[in-house]
Amino acid sequence: MTSPLVRFAPSPTGYLHIGNARPALFNWLFARRHGGRFLLRYDDTDLARSKAEYAEAIAEDLGWLGIAPDLVIKQSERLAIYDAAAERLRGAGRLYACYETADELDRRRKRQLARGLPPIYDRAALKLTAEQKAAFEAEGRKPHWRFLLEPGQITWDDLVRGPSHVDCASLSDPVLVREDGSYLYTLPSVVDDIETGVTHVIRGEDHVTNTAVQAQIFVALGASLPAFGHHNLLTTASGEGLSKRLGHLSLRGLRESGVEPLAVAALATLVGTSDAVRPVSSLDELAGLVELAHVSRAPAKFDEHELETLSARTLHHFPFEAVADRLAALGVGGGEAFWLAVRGNLARLDEAALWWQVVQGPAAPVIADVSFAATAADLLPPEPFDATTWKNWTQAVAAATGTKGKALFMPLRQALTGLDHGPELAALLPLIGRDKALKRLAGESA
Ligand code: GLU
């Protein structure tokens, strides 16, 4: 395959949620896997609903996921290019002016349905004479513009769904340009895909019909077709579609709740496969696992609980280098030894700060039995401490006090950390150090 160019083309009309992050991820991972590039294209021709703040948020949220676009373009800055393409289609007789109002179209659809006919646009506008058009214009009506579909089947070999087809006889000629001259999504998308050299269009299966229409527009503009792939859509656990209003499933909401972006990326792309619950250590590793041809054709159910579990497991597998910067930003020290000691106890990364506080102190020791603690202090080996110190020490304390199991370990844990649960003390003790350990065994906050 020559180096692919893929694109993610959100409309900046809201925040990304896990469902609409999926095409971003499928495209990004595809580019990674095949040595290609990723274009972020803002489909912002709907000026009333598109907002700069959403565009910024989208870039930021993609960055959080680990996606850094190679190119960024905005459709609102490219209107002249779409005008030229529309003119070409008009010249070729493929874009025709229509004057029906929304009400008229609605009434016509209802009549068709009442007669048991499919509600397909009847192309009445094609029969308008120049005088009739002039009369509409004199009334103050402005035309909207429809693309004249050719009859017949559009077929393609879908990257996800395999051999696919749509019968264009079942479709209305799509409106490409509104009365006010603004563009619906359909034409600018094709023009940009042609102009930027997009090789693979990977998007949700809600776009299958668009693909048939857009394939005809590609051809009408003299371009060859990119490859198309349509992934399944995500639903809630109860089977409903995800909407932009589900704030807590927005990428920002997930970020605030401390979910690992890599877990979001893994679950979003592997959901429904046997790999979905296994943690990955990088997007590159994920790129090796995600194959478009293996994406299920059934809707994928998203389970928030599964995401939490995967997020924790992702943390438990991270090597120190993967989190070093984020730990530093949290003010957590202790290097790799600290990370390896605590990672298995974390549900979210910022909890590392709590354990760092326990290590660094001051920690308020809990001493239930002063003489037990004093004996333990006497037996604490000299420094340097290492991974074997804990075992040697606790064996000596067991022998001296006749305790074992919980009766041995719990008072030591409570004295050293002030808590009755937490990471392995064998790993924490060398981090706490002899000096602080002795003070805590003596009941001092240290
Ligand atoms: N703006 C469209 C959407 O968000 C893009 C679809 C496409 O990838 O072509 O659904």
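The values are calculated or read from the model by the stated rules, or taken from the named source; none is laboratory data. Note that the structure is predicted; figures quoted are calculated from it, not measured. Note: ideal-geometry Cβ built from the backbone for every residue, glycine included; neighbour counts use all protein chains shown.
Assorted remarks:
- Matching option when the condition is within 26 Å of E308 (Cβ to Cβ) and in a helix (DSSP H, G or I), among A376, A399, A341: A341
- Residues that are within 11 Å of the ligand (Cβ to nearest atom) and either aromatic (F, W, Y) or at pLDDT 95 or above (or both), drawn from the stretch 17-38: P23, A24, F26, N27
- Here P226 meets the list (1) under 16 Å from R297 (Cβ atoms); (2) surrounded by 18 or more Cβ atoms within 10 Å (Cβ to Cβ); (3) out of contact with any Lys or Arg (no Cβ under 7 Å at 6 or more places or on another chain) almost entirely, failing just condition (1).
- Conditions (1) within 23 Å of Q75 (Cβ to Cβ); (2) within 16 Å of the ligand (Cβ to nearest atom): number failed by V219: (2)
- Residue identified as in contact (Cβ under 8 Å) with a residue 60 or more places away in the chain, more than 30 Å from R297 (Cα to Cα) and of a type outside the set (S, T, Y) among V160, V177: V177
- Residue that is surrounded by the fewest Cβ atoms within 10 Å (Cβ to Cβ), among those in the stretch 2-38 that are closer than 27 Å to E304 by Cβ and among the β-branched types (V, I, T): T13
- Filter pass, A220 being surrounded by fewer than 18 Cβ atoms within 10 Å (Cβ to Cβ) and either out of contact with any strand residue (DSSP E or B) (no Cβ under 7 Å at 6 or more places or on another chain) or farther than 21 Å from Y82 by Cα (or both): no
- Identity of the residue in the stretch 187-214, of a type in the set (V, I, T) and under 18 Å from A84 (Cβ atoms), that ends up nearest to the ligand (Cβ to nearest atom): V190
- Residue selection: T45 satisfies the criterion of being buried (at least 21 other Cβ atoms within 10 Å of the Cβ) and of a type in the set (V, I, T).
- Residue satisfying condition, being within 11 Å of the ligand (Cβ to nearest atom), touching a residue at least 40 places away in the same chain (Cβ under 8 Å) and not β-branched (V, I, T), within set L184, L242: L184
- Residue check for G288: more than 16 Å from the ligand (Cβ to nearest atom) and among the small types (G, A, S): yes
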